[in-house]
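The values are calculated or read from the model by the stated rules, or taken from the named source; none is laboratory data. Model, not experiment: these values are computed from the prediction. Using ideal geometry, Cβ is built from the backbone for each residue, glycine included, and neighbour counts are taken over all protein chains shown. Each accessible area value is taken on the protein alone, full model and side chains, heavy atoms only, with ligands, DNA and RNA left out. Shrake-Rupley method; radii C 1.70, N 1.55, O 1.52, S 1.80 Å.
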Amino acid sequence: MSADRDADWQGAIARARAYSPFLTLGLDRQPELAALLAAGQVEEALAYTAQAGSGADDPAVALRLERWALATALGIGDLAGSFSLTDVMARLSGFADRALDVAIAAAIRERAPDSDPAGFFAIALGKHGAGELNYSSDIDPILIYDPEALPRRERDEPGEAAQRVARRVVEMLSHMTADGYVFRVDLRLRPASEVSPLAISLGAALTHYESSALAWERAAFIRARSAAGDVPMGEDFLAAIRPFVWRKSLDFGAIEEIGRLIGRIRGHYGGPTVPGPGFDLKRGRGGIREVEFFAQTHQLIHGGRRPSLRQRGTRATLDALAAEGIIAAEDARLLGESYDRLRVVEHRLQMVSDHQVHNLPKDAAAIDGVARLDGLPDGAALLAELADITDTVGRRFDALLEQTGQSAVVGGAAPVAEGAPPALAGQLGHLGFANPEEVAERVLGWTDGRIRALRSDAARAAFAAIEPALLAALASAPDPEAALLRWETFLVKLPTGVNLFRLLEARPGLFEQVVSILTLAPPLAEELVRRPDLLDALIDTTALDLPGTVAELAERMARCDDGGDYQARLDRVRRVVGEVRFALGVQLIEAAHDPLEIAEALARTAEAALHVCADAACEEFAATHGRVSGSSLLVMGLGRFGGGALTHASDLDIVYLFTDGAGGESDGRRPLGATLYFNRLAQRVSAALSVPTAEGALYEVDTRLRPQGAQGPLAVSLESFARYQREDAWTWEHMALARARPLYGSDAGKAQLSEIVRSVLARDRDPAKLKHDVLTMRSEMAAHKQPKGALDAKLARGGLVDVEFLIHYLQLRDHLGFSPDLFGARDALIAARLLPPELAEAHRFMTRLLISSRLLAPDAAMPPPAAAAALARNCGCGDEAELLTRLTEARRCVAGAWHDTFGETLEIDDA
């Protein structure tokens, strides 16, 4: 064919040899390709790249040879001006698809040689999904398999076979050999990557994205594409989770989360803020990521109702936003041109040595080299151009930050359409909605066929029976708009609706419970929105019964019907804990039980979860590392967990210890020394308790009360713990130890730990120093932790923190009332006439208020009337006025005891 005569092939090769060691090596290794490029024979050069690996029997070698040829041809063609940026990115992305496809097929056939590769696919995300790969990109696929369709040997379990395929794919593409590598493969964007296997089952992936995925995952899936393997199955998967990505109405709080996400782009970058040595073209102000997130933020907000915005490419998205009138056409043009130029310069940086680098070099000579590789005279010209570009982008991103930081880009409601029936709007206005026309349009949208649970005639008929009462309840909610958003999100996530709607009609009590959850208790409502199946916990006749003992709860959590592997066991715990905590929350807002009983039940649930998760983690860990002879793990609870009374917002204060054995290493195939063994095991237990899985999150774990705090090892031996408590611990650490309770481990180990705690607490102390330490600590705490609102029964002076300080001070001073149960300790001190009897009721009242307010008034401010009435009822008060009066009286009671004990006056204002 004739040469591409408009391109500067000779100049491109000269610049490459002068400033790009990587392209120089590529030209030298492939003289035939170099000759084609020097002659400007574009199509012949591309044909050469496609055949570069054809002589290799090993697909891994073949892919590496093809990659060398393609990188060289695209690099020289790009520098010559023969290939556009779009062409370069598309060809790189297409090669990534082929490489993944070849690797998946080869990995499957290694174990099932006669099989057609099926049941395993790769979802491309980010620049790969958008067809915009960098010159030296890694790829971030999510690998998913169907256990029923994946070819495997008969003796291989589906999950085991899938992990083997995933590992082989990563090795085939990423391993560095004499021929280089194909792509660096990063699998960390998969669900719960800290604990999940490399390949996720299809069912687990669907569950995760339909129920527990985060806002950043929505943003990632905007550009998702079924790229390799069983591509049709991948396309079906993406179609199934489309409602997760493209939502008709945003979840409650989703816009605020988007604002936090884009704010973190700036907040996490600590490099130069203007182009110069070391400036990051990707993460710096006005850089590549800001253009991409500018486009994606608008897509997240508007794309659910405007299908034209569902583009993968950044330029295509900007153009679509302008066409819809969401951004100005001039902004779309400037951002698009800026994005293209930034990407070209990024490619120049990566062409130098084939490194995935985004930062400008730190020395001027190297910047000059990049500029001249690009065809500019010197680095000064490049920096001047980049300064203009990043300022153009940065100013527009600043405006987006301002919008999301104030009122976000739009509200969460669907736009009002012309012709919404005036009768419905009039009814909604009569009910009390502030914007009846807009709400009418949204209500009509519930039954237009887009919501899965309302597609059948039977479901719509059943829903019609409860709709009037539902709308009346939502209109009378403390925050009707928030309640409406929660209901809409709950409705979208329902897999089916007809049975539920009929049940709600037949059982008015259940209907009232659902309405109370959606309107009175935001934390419970968010859980229900995330997991509509939690309603199952309310349908049973025992829904308002308190859960059983720790042993009974642990048995229920350990009963796993999902195959019994580690992930399935953790998922089972999360399902059961979610159901129990949700049911207890409903019992709390219904005033079915004393809040103090609810708190004890929450603690039993957490203790059972600890037992099951720790057992599973220990078994999983021992399978690889064995066990340490004579030693075992211990877990001690502190704070509310140690005291056996949690709230719905409590984290778990725990300390990891291990019994002193014979020492030496563990006896597994990968042995570890005892200290390292138990520290890694403690990390595994913490992850089992805290890392979200497809079934959601479990608990926040706080280990800062361990010896030496966050600076110390996660787990220490009993001997080290005892020595630290005797010789180095501060007074506040002994106060915390007064609520310590061994929760997990052998009976002998727990007994030994209890004796250490007893001996430490019983030691003689200087009363004056103890008093000084306690008052100093409380004063510092009061200065740094102010009460959040009028109902903050914990931090306000005369509140629960002061009660705890009083009790722990007297325990340590007089060696009385040592019990992890704070109520029991208090009563022992009252019996000894160290505290006034009336403190018992003040303590109980404020504890009930704290437990109840975590759901009904999470910001500690007086909630709207309906929630305030429920809060007052839980605390034994007739109304909010009586609630505030009794809170003031309780705090004054504590202040009196404080004065009697310490001689210090606390100022107590009326609540």
*asked:* Return the equivalent ellipsoid semi-axes of the stretch 51-143 as a descending list in whole Å, where each equals the square root of 5 times an eigenvalue of the C-alpha gyration tensor.
replied: 26, 17, 8
*Based on the alpha-carbon gyration tensor of the stretch 622-772 and its eigenvalue square roots a ≥ b ≥ c, which shape applies: rounded if a/c is under 1.5, prolate if not and a/b is larger than b/c, or oblate?*
oblate
*How big, in percent, is the set of alpha carbon pairs in the stretch 17-172 lying more than 22 Å apart?*
48 percent
*Once you have the Kirkwood Rh of the stretch 1-70 from its Cα pairs, apply Stokes-Einstein at 20 °C and 1.002 mPa s and quote D in µm²/s.*
169 µm²/s
*Take the stretch 633-708, drop everything but the C-alpha atoms, weight them equally and run the Debye formula without solvent; then report log10 I(q)/I(0) at 0.22, 0.23, 0.27 Å⁻¹ to two decimals.*
-1.04, -1.09, -1.27
*Highest to lowest packing among 713-724, 355-366, scored as the average C-beta count within 10 Å*: 713-724, 355-366
_Binned Cα-Cα distance frequencies in the chain - 10 Å width, integer %_ = 2, 10, 16, 20, 20, 16, 10, 4, 1, 0, 0
*List the extent of the Cα atoms of the stretch 547-609 along each of their three principal axes, largest first, rounded to whole Å.*
39, 19, 13
*Rg ratio (alpha-carbon, reference 2.2 N^0.38 Å) - the stretch 712-799*: 1.35
*Taking the stretch 599-692, which trypsin sites (Lys or Arg not before Pro) meet the DSSP loop condition and have no more than 14 other C-beta atoms within 10 Å?*
669
_What number comes out for accessible area per residue over the stretch 711-808 if the probe is 1.4 Å? Units Å², please._
47 Å²
_Using a Cα-Cα cut-off of under 27 Å, which lysines could be cross-linked to residue 785, ignoring same-chain neighbours fewer than 8 residues away?_
769, 771, 794
*Which angle between 0 and 90 degrees, to the nearest 10, do you get for helix 595-625 versus the longest principal axis of the chain when only C-alpha atoms count?*
50 degrees
*asked:* What do you get for GluC sites (Glu not before Pro) in the stretch 174-249 restricted to DSSP loop and a cutoff of at most 12 other Cβ within 10 Å of the site's Cβ?
replied: 194
*Which three extents, in whole angstrom, do the alpha-carbon atoms of the stretch 306-384 cover along their principal axes, largest first?*
48, 24, 19
*Of all GluC sites (Glu not before Pro) in the stretch 760-854, which ones are in loop regions per DSSP and have a Cβ with at most 15 other Cβ atoms within 10 Å?*
838
*What share of all Cα pairs of the stretch 465-522, in percent, falls into each consecutive 10 Å distance bin?*
23, 59, 18
*For the chain, what is the relative contact order in percent, using Cα pairs closer than 8 Å and at least 6 residues apart in sequence?*
8 percent
*Which of the peptides 892-903, 746-757, 567-578 is most tightly packed, and how do the rest follow, going by the mean number of other Cβ atoms within 10 Å of each residue?*
567-578, 892-903, 746-757
*Tell me, what is a quarter of the convex hull surface for the C-alpha atoms of the stretch 555-653, in nm² with one decimal?*
7.4 nm²
*In the calculated pair distance distribution of the stretch 753-851, what percentage of Cα-Cα distances lie above 18 Å?*
53 percent
*Counting only protein heavy atoms, what percent of the accessible surface of the chain is carbon or sulfur at a 1.4 Å probe?*
50 percent
*Value of relative contact order over the stretch 592-663, rounded to a whole percent, pairs C-alpha under 8 Å and six or more apart*: 38 percent
*When the dipole is taken about the Cα centre of the stretch 772-911, and only Lys, Arg (+1) and Asp, Glu (-1) are charged at their Cβ, what size is it in debye, to the nearest 20?*
300 debye
*Tilt of helix 202-211 relative to the longest C-alpha principal axis of the chain, in degrees (0 to 90, nearest 10)?*
60 degrees
*Just grab the label-to-label distance for residue 815 and residue 838, each label 7 Å out from Cα along the Cβ direction, in nm (one decimal).*
3.3 nm
*Angle between the Cα long axis of helix 59-80 and the longest principal axis of the chain, 0 to 90 degrees, nearest 10?*
70 degrees
